[in-house]
Each structure stands twice: as C-alpha cells, then as structure tokens.
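Student: Here's a structure for you.
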Amino acid sequence: MVHAPPARRARPLNAPPAWLKPAVHALAAMPLIWLIIGWVDLLWLNPASLSLSAEPVAYTHNGLGLMALRTLVAALAVTPVYKLTGWAPIMSLRRMLGLWAFAYAALHLGFYLLMELDFSLVQLWKDAMKRNFILFGMLGFLALLPLALTSTRSAIRRLGGRNWQRLHRLAYLAGIAAVIHFILRVKGFQVEPWVYLGLLMALFALRFMPNRKRASRASRQPA
Amino acid sequence: MPYHSRPDWQLPEREATPVEIYASRRTFVASLATAGLLPSAAIASTDPAKLTPLKARRTIATSEEPTALSAVASYNNFYEFGLGKDDPARNAHSLKPSPWTLKVGGLVKKPLTIDVDQWIAKAPLEERILRLRCVEGWSMVIPWVGFPMSALIKAVEPLGSAKYVRFTTLADSGQMPGIRFPALDWPYREGLRMDEAMNPLTTLAVGLYGRRLPNQNGAPLRLVVPWKYGFKSIKSIVAVDFVERQPLTSWNQSQPSEYGFFSNVNPDVDHPRWSQATERRIGEFRRRKTLPFNGYGEQVASLYKGMDLQKFF
C-alpha cells in the first residue's frame, strides 16, 4: 500500500483556521469567568447566593484544580490526536492549553495560599513536608513552572529543539503528580481521579506510536 | 408490682402494617394528589419549604447564628445519593421516607418495630440548636427537631450485656442511586458506646428548622452526635441494634487509619491527610479554630476520662 506523504495534504503548521484558537481560549476561560461572576455576585450583589454552592471557597478551590488538570490533559492529548488524525492545525493549541493549565494551577495554589495560609510560604513548606497530598500538588506545580517559562519561541531557540523537548516531558510528571494529589484528596473510593490517571496513561502509551513523518518515509521505501 | 408503661409511639409487632397495605396507601395518597385534595405540606421532599411543620419546645440553644436553611439543605454528604456536595439535594427525591419502619432490637428486653410517622406525630419533640463539624473541615449550626436518644434506649430496656449501639442506614438501590457504586461498604453503619448513646446531647432528629427532615438531610430519622465528626451522625436509619462488642462502622472499615470508631472532634489529632485544627463555618470565608469535642467538652469530656485520645481517635 502506498501512502501519500501527509505533510502535503495538511495545511502548514503556522496557519490554523482563524476560529480555532479563539474558540479554545473561550472554552478554557469559561469556568474562570463563571467563578469571577459568582464571587462578584456573592460579595457585592447577593450574599445568600448559592451559585458557587454553600461553600464557595471549597468550590473555587476544587474548580481551579480540576480545570488545571483538565487543560493539562488536553495539552498532552494534542500530539497524540495529531498523530492519530493527521490534523496539523491542532498542534497550534498545544502551547496555549499548556499555558492555561499553568494559569489554573497558579490560581489554584494562589487561592490556597490566600484562603488557608495567609500567604505564608513557611507554612506552605511545613504543609508540604507534613502531607503527601500537598507535596504532590506542589510537585505538579513546580514541574509546570519551567515549562511555562520556556514556552516562548526564543526559549525554544535558546535551548535547542531537542533539549526543549526533553524538558517539556516534565508535563507528564506534572500530570501524574496532579492525579496523585487528586487521589489523595478524596474520601472513600471515588472513580473520578482514576479516570484522569487512565487518560494520562493512555496518552503516554500513544507517545510510543511511530512518528507520522518517519513512518510515511519508511513506507515509501521499496519492500 | 412493676408496671412498664408503653410509650404512646410504640407500635406493637402485630400492628406493623404489611407491605401491600403500605403500597396501596401510597397509591391512595397519589390519588388524593391528583384529586387536588392533598395539603400543600409534604412528608417527603428535597425542598424544605414544602415539608410538614413540626411543633417543638426549644431545649438546647446557642448564641451562634444558625447556618442558612438554603445551605443546610444544599450542602450534604450522603454518598447513597452521589459523591458531590450538591448530589443529595438533586438526587434524593427518589427516597421515600414515609411510610418508614424502624426496627430496634438486639440485646434488649423489649424489641420495637416503630412506624416513624406515628412516632413523629405523638412524641414530645424538642428543638436543639447544635454545631455540626464535618471531618472534611467545615461546620454548620443547625436547629434540629427531635428527641434524646436516651428516650428510645430506656423504652427498649437493654440487657446488661449490651455495651454498644449499632445504627444502620437504608440500602435500597431503587431509592438510592449511589448504592450501585462501591464508595463504601453498604449499608452505611455507625455505632456508639452505650454511655455515649445515653448522653443527653445525643439526639434522634426527625426535622430541622421547624419542619420534617428534607430527604438529603437523612429523612425521616437520623442521629445527631454533635461532639463527633459529622459522619457519625448517620442518616435515614432503618435499624438500631444493641450489641456486646464494638460494631464495625462504615468509614472505620474503609480506612481505619483515618476514621476511628470514636471520631470525637479533636483539633490536636489531625486527619492523616489534612489538619483538624481549624474549620470553615459555612457562610464565612475565613477559618476559625476547632474546639475540642466541638465545644461540648463540659458535657462529654468525662466519658473519655483516662483514655488516650491520640490513640482512640
């Protein structure tokens, strides 16, 4: 069987459809906007509002954490989806989804520092040393931090493609740490965090799929 | 001559209504509803405003502001109806708390089968405003309606060998969608030592905020043990048994290192995964200090004299 090289069918990487990025930005921002509207409502308009549940602090905290995990899983799904479908424009979403994951993780941590620790980093350190649940959460955040800092084109140039790629495998570490953080958080046996672990494992397995470009080059060689 | 007066809510075994008649009674009520004859107050609902009002005499009060009814009826842990805090209010409409039979037995002289509706209609009800502290680190102040657990204990006359009381929640997957999922080993079970159960603070609640219990709060009958973490206050009870040995309780069974049998509120004994030193009162944004025995030390600390509370957490 002869495959046409996919690179020729796909649109160039730098020209995704104009609607794609704004649509995904809007989707990723929606839960944050909902939280902001909820807090404005609660603090200034209607103190009895239940739009963020009866425990708005826990609701916000859980919401931000869950969105960090969801956007991170989405970012990690980009390359495997491209490999499976060959739809190149999706690659333009990887960086922005990763940055959304970092943004939600930073808000999650910031909200924790504000509401539980009065911004005491000493307390945070003590917390992390005492409780595995906090330790894994911090590990996840610290794994995302260098990725966010090296997300620019110039950073990729400075590091060199190979090194940059190696560094950015930390995203998997962040994902695993975040899921363990989630599993350690819930009471009793709950399926939800395990679903995320399953998704991460599946995405990791897909990494070992042959690279499309190389596979197609190989298929053109005579048998 | 010893004379044991039968409390007026006690239903003799011979009068316990067979299931078929219960079922037809429900059909009868439904026919009333279609005919527009049903009064607006309901015995079962997830909407607290629709529930039957109860007359009660206030016996325990506090200077603290009670938590808003809307929060009490919308923020619940009742895993039989789902794991999310808002799941019980959304899903518990399928619970049928009337008619409801409570069986009280085990090591007692006079086992009882109680029709809970009749009991609620006849029992002298008290309003007791009590703090509830969840093991997860949040708390509420709730005006319960009910009666002291000790009244029930005295009525069944436990044998000398009865050292503990075991409580069991309904486990009916038809009424409780969460049962299909093994979050815990169903049915949900809880237990108290006899002296804990006899303590005047230990309450059997049948209502809150002056009306019958909303389904999501454990209708029609639940336990309230205000100095212990909330999960000890078992909901929708179908059986109370007096036993000789410490009973196996659901959370203790699922994770013994995290949830002890006693589970007294104790700021000095952390949950292995989070601190118990502070709590967030629902309706407030900042955390406040958690008090030993949830502030009821004066009434209950003597129950645990000489016990190492770090060990028996």
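Student: Could I have the simple spin-label model distance between A:TRP39 and B:LYS305, label points 7 Å from Cα toward Cβ, reported in nm to one decimal?
Tutor: Those two pseudo-labels are separated by 5.1 nm.
Student: Over 32 Å, how big is the tail of the calculated P(r) for the range B:18-304, in percent of all Cα pairs? Walk me through the numbers before you get to the answer.
Tutor: Working: 8474 of 41041 pairs.
Percent of Cα pairs beyond 32 Å in the range B:18-304: 21.
Student: Could you point to the residue in B:THR278, A:ALA171, A:PRO56 farthest towards the positive end of the protein assembly as shown's charge dipole, with +1 and -1 charges on the Cβ of Lys/Arg and Asp/Glu respectively?
Tutor: A:ALA171
Student: What figure in square angstrom, to the nearest 10, would you give for the accessible area of B:ARG166 with a 1.4 Å probe?
Tutor: The accessible area comes out at roughly 80 Å².
Student: Could you tell me the distance between the Cα centroids of the range A:64-143 and the range B:77-121, to the nearest Å?
Tutor: 42
Student: What percent do you get for the relative contact order of chain B when only Cα pairs under 8 Å and 6+ apart count? It would help to have the intermediate numbers written out before the result.
Tutor: Working: 654 pairs, mean separation 61.0, N = 313.
Averaging sequence separation for qualifying contacts and normalising by length gives 19 percent for chain B.
Student: Let me test this: with uniform point scatterers at the alpha carbons of the range B:210-302, what is the Debye-based log₁₀ I(q)/I(0) at q = 0.13, 0.14, 0.20, 0.25 1/Å?
Tutor: After summing over all Cα pairs, the log10 values are -0.57, -0.66, -1.22, -1.35.
Student: Same structure, new question: Using a simple charge model, +1 on the beta-carbon of Lys and Arg, -1 on the beta-carbon of Asp and Glu, nothing else, what dipole does the range A:17-209 show about its Cα centre, in debye to the nearest 20?
Tutor: With only Lys, Arg, Asp and Glu charged at Cβ, the dipole is about 1080 debye.
Student: Normalised by the number of residues in chain A, what is the relative contact order in percent for Cα pairs under 8 Å and 6+ residues apart? List each step's numbers first, then the result.
Tutor: Numbers: 196 pairs, mean separation 55.1, N = 223.
Here the relative contact order equals 25 percent.
Student: Could you pull out every whole DSSP H run in chain A that spans at least 18 Å of Cα extent along its own axis and averages 0.5 or higher on the Kyte-Doolittle scale? Kindly include the intermediate steps, with their values, before the conclusion.
Tutor: Working: long enough: A:20-40 (30 Å, 1.60); A:56-85 (41 Å, 0.87); A:94-116 (33 Å, 0.84); A:132-149 (26 Å, 2.17); A:170-185 (22 Å, 1.86); A:192-206 (22 Å, 1.59).
For chain A, where a helix must reach 18 Å along its axis and average at least 0.5, the hits are A:20-40, A:56-85, A:94-116, A:132-149, A:170-185, A:192-206.
Student: Straight distance only, please: which lysines reach the Cα of B:LYS154 with their own Cα at less than 20 Å, same-chain residues fewer than 8 apart left out?
Tutor: B:LYS103, B:LYS109, B:LYS110, B:LYS122, B:LYS163
Student: Placing +1 on the Cβ of each Lys and Arg and -1 on the Cβ of each Asp and Glu in the range A:17-209, which of A:PRO31, A:ALA148, A:ILE134 has its Cα farthest towards the positive end of the resulting dipole?
Tutor: A:ALA148
Student: Using +1 at the Cβ of each Lys and Arg and -1 at the Cβ of each Asp and Glu in the range B:18-304, identify which of B:MET149, B:PRO182, B:GLY82 lies farthest towards the dipole's positive end.
Tutor: B:MET149
Student: Along its three principal axes, how long is the protein assembly as shown when you only count alpha carbons? Whole Å, largest extent first please.
Tutor: So the extents along the principal axes, rounded to whole Å, are 106, 58, 52.
Student: Quick check for me: using +1 on Lys/Arg Cβ and -1 on Asp/Glu Cβ, what's the dipole size of the protein assembly as shown about its Cα centre, in debye to the nearest 20?
Tutor: The calculated dipole for the protein assembly as shown is roughly 2940 debye.
Student: Next up: Given Cβ point charges of +1 (Lys, Arg) and -1 (Asp, Glu) and nothing else, what value in debye, to the nearest 20, does the dipole of the range A:108-207 about its Cα centre take? Show your work: numbers first, answer last.
Tutor: Details: 12 positive and 4 negative charges, 116 e Å.
That gives the range A:108-207 a dipole magnitude of about 560 debye.
Student: Given chain A, what count of lysine pairs have C-alpha atoms under 27 Å apart, with each pair 8 or more places apart or on different chains?
Tutor: Number of lysine pairs found: 5.
Student: Now a separate question. Quick check: residue separation of B:SER257 and B:ARG286 times 0.36 nm, minus the Cα distance between them. What number comes out in nm?
Tutor: 7.6 nm
Student: Quick one: how many Å² of A:PHE102 are accessible to a 1.4 Å probe, rounded to 10?
Tutor: 50
Student: For chain B, set up a GNM with springs between Cα atoms under 10 Å and report which of B:ALA56, B:ALA71, B:ALA89 has the largest fluctuation.
Tutor: B:ALA71
Student: May I pose another question? Beyond 25 Å, what percent of the Cα pairs of chain A remain?
Tutor: Considering chain A, 49 percent of its Cα-Cα pairs are separated by more than 25 Å.
Student: Take the alpha-carbon positions of the range A:43-120, form their convex hull, and give its projected area averaged over all directions (one quarter of the hull surface) in nm².
Tutor: Over all viewing directions, the range A:43-120 projects a mean Cα-hull area of 6.9 nm².
Student: If you don't mind, there's one more thing I want to ask. Please identify every one of the trypsin sites (Lys or Arg not before Pro) in the range B:52-134 that sits in a loop by DSSP and has no more than 12 other beta carbons within 10 Å of its own beta carbon.
Tutor: When the trypsin sites (Lys or Arg not before Pro) of the range B:52-134 are filtered for loop state and at most 12 Cβ neighbours within 10 Å, B:LYS55, B:LYS109 remain.
The values are calculated or read from the model by the stated rules, or taken from the named source; none is laboratory data. Here the structure is a predicted model, which is why all the values come from computation and not from measurement. Heads up, the Cβs are rebuilt from the backbone with ideal geometry, glycines too, and the neighbour counts pull from every protein chain shown. Heads up: the accessible areas ignore ligands, DNA and RNA and are worked out on the full protein's heavy atoms, side chains in. Shrake-Rupley method; radii C 1.70, N 1.55, O 1.52, S 1.80 Å.
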